[in-house]
Amino acid sequence: MPKRKIVDEGEVVRWFEEGWTYQQMIEEYRRKYGIDTVSSMWGNFRHRKGLRRRIARDDDLIPWAVKAEHRHQYPLAMLRVEGRYRAGMDLDENSAKRLESWRRTLAEENAVVHYDPDTKEGFFYVPREPHDDDLIRRPRRKTTLRRNADERRDT
């Protein structure tokens with residue numbers, strides 16, 4: 001049986017609770033124990049221990065398969081922050097202020113976020129219509145390609 005890489009599980013649980021990134025854990029394990037690790041090891045540990053995800057995946061807020069060239073656009077970034085907020089996760093002061101300002105702008109403009117993957121821009125703000133019930137213009141069907149890592153697959 002191979003030697004376990006995790007030296008102190010309590011320490012790692014504490015790191016997750018403190019919001020350490022996988023990269024921080026990788027670097028600390030290399031520095032402290034001389035052990036090389038990879039991100040997937042930390043994600044698997046989190047899942048096995050039932051620890052809360054550090055990110056929130058909300059397919060209702062981001063129901064699209066977003067193209068790589070659109071993944072860093074501001075509307076998507078703010079939808080991710082909104083997802084963390086709705087999941088009850090802590091937001092840093094800057095993110096909380098940006099989210100409040102962004103929501104206020106959407107309300108003042110009576111707009112929602114629309115995504116069209118077949119355009120250079122990708123994300124647009126469009127006028128809210130009567131059927132819009134959230135911050136986004138819902139597509140006819142969800143096209144997201146990523147499944148929530150904590151959901152079981154039916155096998």
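The values are calculated or read from the model by the stated rules, or taken from the named source; none is laboratory data. As the structure is a prediction and not an experimental result, all values here were calculated from the model. In this analysis, Cβ positions are derived from the backbone assuming ideal geometry, glycine residues included, and neighbour counts consider all displayed protein chains. Ligands, DNA and RNA are stripped out before the accessible areas are found, and what is left, the full protein with its side chains, is counted by its heavy atoms. Shrake-Rupley method; radii C 1.70, N 1.55, O 1.52, S 1.80 Å.
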Legend entry - Criterion: part of a loop (DSSP other than H, G, I, E, B), in contact with a Pro (Cβ under 9 Å, 6 or more places away or on another chain) and open to solvent by less than 90 Å² (accessible area, probe 1.4 Å) - qualifying residue of Val7, Val66: Val66
Inset, instruction - Looking only at region 32-55, decide whether some residue is closer than 25 Å to His114 by Cβ and open to solvent by 20 Å² or more (accessible area, probe 1.4 Å). - result: yes
Legend entry - Residue that is farthest from Thr119 (Cα to Cα), among those in region 69-87 that are of a type outside the set (D, E, K, R) and open to solvent by 50 Å² or more (accessible area, probe 1.4 Å): Ala87
Legend entry - Count - residues of region 14-27 that are open to solvent by 40 Å² or more (accessible area, probe 1.4 Å) and either among the hydroxyl-bearing types (Ser, Thr, Tyr) or assigned to a helix (DSSP H, G or I) (or both): 7
Legend entry - Where a residue in region 101-121 is among the hydroxyl-bearing types (Ser, Thr, Tyr) and its partner, wherever it lies, is open to solvent by 80 Å² or more (accessible area, probe 1.4 Å), with Cβ under 9 Å and at least six apart: Thr105/Tyr125
Inset, instruction - Would you confirm whether any residue within region 101-112 is of a type in the set (S, T, N, Q), open to solvent by 20 Å² or more (accessible area, probe 1.4 Å), in a helix (DSSP H, G or I) and touching a strand residue (DSSP E or B) at 6+ places or on another chain (Cβ under 9 Å)? - result: yes
Inset, instruction - Assess whether Thr119 counts as being in a helix (DSSP H, G or I) and either among the aliphatic types (A, V, I, L, M) or over 18 Å from the mean Cα position of the chain (by Cα) (or both). - result: no
Legend entry - Hits in region 21-69 - residues which are small (Gly, Ala, Ser), over 22 Å from Val7 (Cβ atoms) and at pLDDT 85 or above: Ala65, Ala68
Inset, instruction - Please give the number of the condition Asp36 fails out of (1) in contact (Cβ under 8 Å) with a residue 40 or more places away in the chain; (2) not in a helix (DSSP H, G or I). - result: (1)
